[in-house]
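Heads up, the thing below is written out as structure tokens.
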Amino acid sequence: MLYIGVDLGTSAVKLILMEADGTIKNVVSKEYPLYFPKPGWSEQKPEDWWEGVTEGIKELTKDFDKNKVAGISFGGQMHGLVILDQDDQVIRPAILWNDGRTGKETNYLNEVIGKDKLSAYTANIAFAGFTAPKLLWVKANEPELFEKINKIMLPKDYIAYKLSGVHCTDYSDASGMLLMDVKNKCWSKEMLAICGVTQEQMPKLYESYDVVGTLKPEVANELGLSTQCKVVAGAGDNAAAAVGTGTVGDGRCNISLGTSGTIFISSKEFGVDENNALHAFAHADGSYHLMGCMLSAASCNKWWMDGIIGTKDYQNEQAQITKLGGSQVYFLPYLMGERSPHNNPDARGTFIGMTMDTTRADMTQAVLEGVAFAIRDSLEVAKSLGIKIERTKICGGGAKSPLWKKIIANVLNLKVDVIESEEGPALGSAMLAAVANKEYTSVEEAAEKIVKVVDTIEPTNELVQKYEEKYNKFKQIYPTVKGLFDIIKE
């Protein structure tokens with residue numbers, strides 16, 4: 001049988017067609033607009049997502065036996081607010097994960113309601129990108145629309161609804177709304193009350209590999225697929241990507257070096273660090289995960305290469321680096337503020353340690369090392385909870401650099417496994433559809449049989465020691481300059 005994985009991203013939807021054994025038969029992408037109505041705002045029209053998905057599925061399956069498509073599942077951009085009226089019509093454009101309008105509401109939740117209460121209710125504290133602050137913003141600024149809300153959804157769940165007619169979400173994606181009791185996997189009555197909404201307005205919760213329904217007849221007819229094709233709940237993009245890299249089960253790790261950067265640690269047990277520096281979310285395998293998210297990762301390197309030194313020849317620039325761990329130049333990679341572990345939107349990118357003999361290569365090296373050190377900040381928080389990690393998978397655009405992978409391996413003192421497929425959330429969601437159709441007994445079994453490691457970068461004692469010394473200096477820089485960020489923003 002064949003399975004469709006839908007990765008509903010911020011700039012485009014990516015769809016893959018996968019056989020049950022993990023063989024990828026076809027890949028299609030469809031772009032859609034992103035709107036910025038005001039500075040700091042970021043919105044999309046759910047109708048554009050739907051058009052991209054339906055056209056994408058038609059193109060994806062046109063040369064295959066459509067009757068063999070047994071399931072569709074999703075990995076989607078998280079945190080976005082989609083609201084429907086009583087006729088299931090979209091009330092307003094979706095407010096996205098990278099929208100920055102909710103500073104006032106986020107401060108209200110963290111400072112007035114209090115971080116301790118938020119953590120007790122949801123296992124997390126408020127971030128500007130989360131869904132609950134967006135609801136409070138709509139309530140305060142668009143009260144006439146707030147009154148019309150009949151259903152509250154996340155981006156990928158709107159597509160699942162359009163396909164199946166079921167208002168649904170999964171535990172991993174719902175974890176990022178600040179509306180769910182993550183430990184007990186249910187909606188938080190306290191948070192719903194704080195936001196002025198009811199449980200009836202929330203979608204039904206499912207495990208990521210649960211079947212929520214089948215294709216509606218009119219949709220099946222339009223797409224040319226069977227009405228028996230199952231619609232499967234799916235997962236938030238990071239959890240879906242973790243499935244696609246085999247980061248499931250207990251104590252597995254994945255590092256993503258994309259525009260933003262994440263370190264994702266799967267766990268059988270629920271856990272929260274005392275400062276809520278890491279996100280504590282449900283995982284798509286039925287258990288839990290911790291995640292550190294930095295807002296600028298590979299984008300730091302792109303900014304430095306493209307914008308500052310003006311080159312597209314990344315490989316040649318990195319070839320000039322000859323003293324790994326030996327430079328005394330440091331870089332704080334906070335070009336868009338920072339989320340984990342500092343939760344400071346006012347933090348800024350900073351070079352420190354330059355002298356008259358500092359070279360361009362030294363500064364390029366500092367950018368790569370700075371991102372690695374910032375990822376280690378989150379790893380250290382996980383280690384403080386007693387979590388032991390010996391190796392990690394790696395994915396994302398930055399992972400194409402052999403030098404950067406070597407730096408990551410030695411800064412974190414982890415074996416870095418490179419996997420065969422780079423389809424990320426799309427592959428993970430297709431795997432969830434296969435699990436839902438009983439091709440595999442569990443997400444873990446699917447990952448074990450489908451995900452293949454093709455290379456491993458091992459840390460070396462000499463470099464690990466050099467980077468241990470350098471990291472111990474790096475971690476003192478942010479606390480020292482933190483107060484300056486408040487001054488320079490004015």
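Counting only residues that are assigned to a helix (DSSP H, G or I), within 29 Å of PHE270 (Cα to Cα), under 19 Å from the mean Cα position of the chain (by Cα) and not aliphatic (A, V, I, L, M), how many does region 357-413 have? Result for region 357-413: 3. Taking region 413-448 as the range and being of a type in the set (Phe, Trp, Tyr) and in contact with a Ser or Thr (Cβ under 8 Å, 6 or more places away or on another chain) as the test, no residue passes. Within the option set ILE394, ILE387, ILE352, being at pLDDT below 95, of a type in the set (Val, Ile, Thr), surrounded by fewer than 21 Cβ atoms within 10 Å (Cβ to Cβ) and out of contact with any Pro (no Cβ under 6 Å at 6 or more places or on another chain) holds for one residue only, ILE387. In region 353-367, the residues that are in the same structural domain as ALA319 (by TED's automatic domain parsing) form Cβ pairs under 8 Å with partners that are assigned to a helix (DSSP H, G or I) and of a type in the set (Phe, Trp, Tyr), at six or more places apart or across chains, as follows: MET363/TRP304; THR364/TRP304; VAL367/TRP304. Could you list all residues from region 16-72 that are of a type in the set (Gly, Ala, Ser), closer than 26 Å to ARG92 by Cβ and in contact (Cβ under 8 Å) with a residue 60 or more places away in the chain? Across region 16-72, the qualifying residue is only GLY40.
Check region 230-239 and report whether any residue there is surrounded by fewer than 24 Cβ atoms within 10 Å (Cβ to Cβ), among the basic types (Lys, Arg) and touching a residue at least 40 places away in the same chain (Cβ under 8 Å).
There is at least one residue in region 230-239 that is surrounded by fewer than 24 Cβ atoms within 10 Å (Cβ to Cβ), among the basic types (Lys, Arg) and touching a residue at least 40 places away in the same chain (Cβ under 8 Å).
If you go through region 253-287 and keep only what is in contact with a helix residue (DSSP H, G or I) (Cβ under 9 Å, 6 or more places away or on another chain) and either free of Cβ contacts under 8 Å to residues at least 12 places away in the same chain or aromatic (Phe, Trp, Tyr) (or both), you end up with PHE264, GLU274, PHE281.
One residue stands out in region 397-413 among those that are touching a strand residue (DSSP E or B) at 6+ places or on another chain (Cβ under 9 Å) and among the hydrophobic types (A, V, I, L, M, F, W, C): the one that is surrounded by the fewest Cβ atoms within 10 Å (Cβ to Cβ), namely ALA399. Which one of GLY114, GLY103 is farther than 28 Å from ASP285 by Cα, modelled with pLDDT under 95 and not β-branched (Val, Ile, Thr)? Answer to the check: GLY103.
Go through region 145-204 and give me each residue that's of a type in the set (Val, Ile, Thr) and touching a residue at least 60 places away in the same chain (Cβ under 8 Å). Listed by number, the residues that qualify are ILE149, ILE152, ILE159, VAL166, THR169, VAL182, ILE194, VAL197.
Conditions (1) in contact with a Phe, Trp or Tyr (Cβ under 6 Å, 6 or more places away or on another chain); (2) surrounded by 15 or more Cβ atoms within 10 Å (Cβ to Cβ); (3) over 29 Å from ASP285 (Cβ atoms); (4) of a type outside the set (Val, Ile, Thr), marked per residue:
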| site | (1), (2), (3), (4) |
| --- | --- |
| THR10 | no, yes, no, no |
| ALA20 | no, yes, no, yes |
| SER29 | no, yes, no, yes |
| LYS38 | no, no, yes, yes |
| GLY56 | no, yes, no, yes |
| LYS62 | no, no, yes, yes |
| GLY76 | no, yes, no, yes |
| VAL90 | no, yes, yes, no |
| LEU96 | no, yes, no, yes |
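All of (1) at pLDDT 95 or above; (2) closer than 16 Å to PHE373 by Cα hold for ALA399 with one exception: (1).
Is there a residue being among the aliphatic types (A, V, I, L, M), surrounded by fewer than 17 Cβ atoms within 10 Å (Cβ to Cβ) and either in contact (Cβ under 8 Å) with a residue 24 or more places away in the chain or within 26 Å of VAL329 (Cβ to Cβ) (or both) anywhere in region 444-459? Yes, some residue in region 444-459 is among the aliphatic types (A, V, I, L, M), surrounded by fewer than 17 Cβ atoms within 10 Å (Cβ to Cβ) and either in contact (Cβ under 8 Å) with a residue 24 or more places away in the chain or within 26 Å of VAL329 (Cβ to Cβ) (or both).
Of the listed requirements (1) surrounded by 24 or more Cβ atoms within 10 Å (Cβ to Cβ); (2) of a type in the set (Val, Ile, Thr); (3) closer than 22 Å to PRO155 by Cβ, VAL211 misses just one: (1). Number of residues in region 142-165 that are of a type in the set (A, V, I, L, M) and closer than 20 Å to ALA430 by Cβ equals 4. Being within 22 Å of the chain's Cα centre (by Cα), part of a loop (DSSP other than H, G, I, E, B) and either of a type in the set (Ser, Thr, Tyr) or surrounded by fewer than 19 Cβ atoms within 10 Å (Cβ to Cβ) (or both) is the filter here, so list the residues in region 414-441 that pass it. Across region 414-441, the qualifying residues are GLU420, SER421, GLU422. Do we find a residue being aromatic (Phe, Trp, Tyr) and buried (at least 24 other Cβ atoms within 10 Å of the Cβ) anywhere in region 268-282? Yes, there is a match, as at least one residue in region 268-282 is aromatic (Phe, Trp, Tyr) and buried (at least 24 other Cβ atoms within 10 Å of the Cβ). Taken as a whole, the structure places ILE477 among residues that are on the phi < 0 side of the Ramachandran plot, of a type in the set (Val, Ile, Thr), in the same structural domain as GLU338 (by TED's automatic domain parsing) and touching a residue at least 40 places away in the same chain (Cβ under 8 Å).
Restricting attention to region 288-309, the residues that are in contact with a helix residue (DSSP H, G or I) (Cβ under 8 Å, 6 or more places away or on another chain), within 19 Å of GLN365 (Cα to Cα) and hydrophobic (A, V, I, L, M, F, W, C) total 7.
The values are calculated or read from the model by the stated rules, or taken from the named source; none is laboratory data. If you're wondering where the values come from, they're calculated on a predicted model, not measured in any experiment. Counting neighbours? That spans all protein chains shown, and the Cβs are built from the backbone with ideal geometry, glycine included.
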